[in-house]
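Written below as structure tokens is the structure these notes are about.
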Ligand code: WQD
């Protein structure tokens with residue numbers, strides 16, 4: 001509720017920064033921990049310009065056990081939203097140790113300090129990746145968690161299990177939000193996605209190609225069993241995704257959770273193919289995109305989009321933006337990058 005102090009780890013990242021804005025709009029006091037390994041400190045200015053409230057910021061690597069312990073001794077926290085993690089699927093295959101250390105060891109330190117300091121609630125950034133290629137579409141929260149196709153996906157599965165085990169023996173209550181594909185940018189164009197290096201994800205590669213920073217987009221396969229042969233995903237506007245975190249946090253603060261740990265799929269419920277994205281991007285931004293079809297990317301699933309019934313009914317949350325607005329905002333954000 002208003003006035004509660006919420007720790008947002010990774011709060012200067014893409015989803016984290018948009019969530020901080022929504023938290024501040026709802027009257028929460030926010031403190032951010034970020035190690036700045038995959039973002040820029042200027043994001044803090046962007047947040048402040050949007051809300052006129054400068055969040056407290058602590059530069060901290062969650063791998064630093066002593067520093068994390070000191071942080072929790074110095075701050076009384078009412079809830080944690082945990083984004084801080086490495087998130088590139090391909091990189092995780094090449095460098096699994098980085099992912100298990102950065103995503104799992106840090107979660108363990110965070111949870112230990114939450115338990116030691118009686119911090120009561122946790123919202124965990126999870127992913128639809130835990131489902132792999134689901135047998136049934138749209139995907140419900142009861143879909144079986146399948147063996148992860150990447151260390152990144154495995155860290156999300158293991159993370160959920162670690163949290164679940166803790167909630168069984170501690171007063172902490174938790175919600176895992178299983179994101180589908182977050183895209184777009186805040187309509188102020190003051191915060192957005194900042195992929196460092198060559199973008200791994202589709203939308204930043206699309207916008208950088210349209211901006212002439214990339215020669216052309218490679219479409220990874222057009223021989224999937226989908227309407228146009230390209231893979232299908234559920235692209236959700238990052239502001240809609242941010243708002244889902246507020247609904248989940250309020251559910252825990254108000255004690256409305258039905259079990260100690262809950263899981264919600266956060267998507268629009270609509271599947272869009274890669275060619276759909278290309279066509280909508282070109283139309284809504286009146287720009288031609290250069291692309292070619294190449295081989296499939298290892299580890300990609302054919303189709304994933306959410307059954308959003310549980311989140312709609314239990315969280316009282318529903319995505320408001322469609323693909324058009326998300327791709328329009330992504331392009332406006334790209335145009336602002338120097
Ligand atoms: C989307 C579609 C590609 C790039 C991953 C993680 C997920 C989340 C989002 C962090 C796929 C195709 C992509 C390109 C392409 N991670 N594509 N050309 O793999 O669905 O999800 O990122 O928050 O947890 O699993 O997202 O954007 O990489 O790919 O054709 O240059 O676009 O094959 O079909 P993905 P993506």
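Every number here is computed from the coordinates shown, using simple stated rules; none is lab data. What you see is a predicted model, and the numbers here were worked out from it, not measured in a lab. No Cβ is skipped: glycine too gets one built from the backbone with ideal geometry, and neighbour counts run over all protein chains shown.
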Problem set entry | Rounded if a/c under 1.5, otherwise prolate or oblate - region 264-332, Cα gyration tensor axes | oblate
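Which value, in Å to one decimal place, does the Kirkwood hydrodynamic radius take for region 223-338 when every pair of different Cα atoms is included?
Values: mean 1/r = 0.0616 Å⁻¹.
With all distinct Cα pairs of region 223-338 included, I get 16.2 Å.
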Exercise. In region 1-79, how does Rg compare with the Kirkwood Rh, expressed as the Rg/Rh ratio over alpha carbon atoms?
Worked result: 0.95
Seminar exercise, completed: So for R0 = 25 Å, FRET eff. of residue 53-residue 320 from the Cβ-Cβ r, to 0.05, ends up at 0.60
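For the chain, what is the mean residue ellipticity at 222 nm derived from helices alone (per DSSP H run of n ≥ 4: -39500 (n - 2.57); sum divided by total residues; nearest 500 deg cm²/dmol)?
Details: 11 runs with 124 residues, N = 338.
For the chain, the value works out to -11000 deg cm²/dmol.
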Seminar exercise, completed: With Cα coordinates, the longest principal axis of the chain makes an angle with the long axis of helix 151-169, in degrees rounded to 10, of 30 degrees
For this session: With r as the distance between the Cβ atoms of residue 112 and residue 288 and R0 = 45 Å, compute the FRET efficiency 1/(1 + (r/R0)^6) and round to 0.05.
Result: 0.30
For this session: Starting from the alpha-carbon convex hull of region 173-281, give the projected area averaged over all orientations, in nm².
Result: 9.0 nm²
Exercise. What is the Å³ per residue value for the convex hull set by the Cα atoms of region 72-152?
Worked result: 114 Å³
For this session: Relative to the longest principal axis of the C-alpha atoms of the chain, give the angle of the C-alpha long axis of helix 274-285, reported between 0 and 90° and rounded to the nearest 10°.
Result: 90 degrees
For this session: Could you work out the relative contact order of region 69-133, using alpha carbon pairs under 8 angstrom and six or more residues apart, expressed as a whole percent?
Result: 53 percent
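Whole number please: convex hull volume per residue of the Cα set in the chain, in Å³?
Working: hull volume 41.5 nm³, N = 338.
It comes to 123 Å³ per residue, whole-number rounded.
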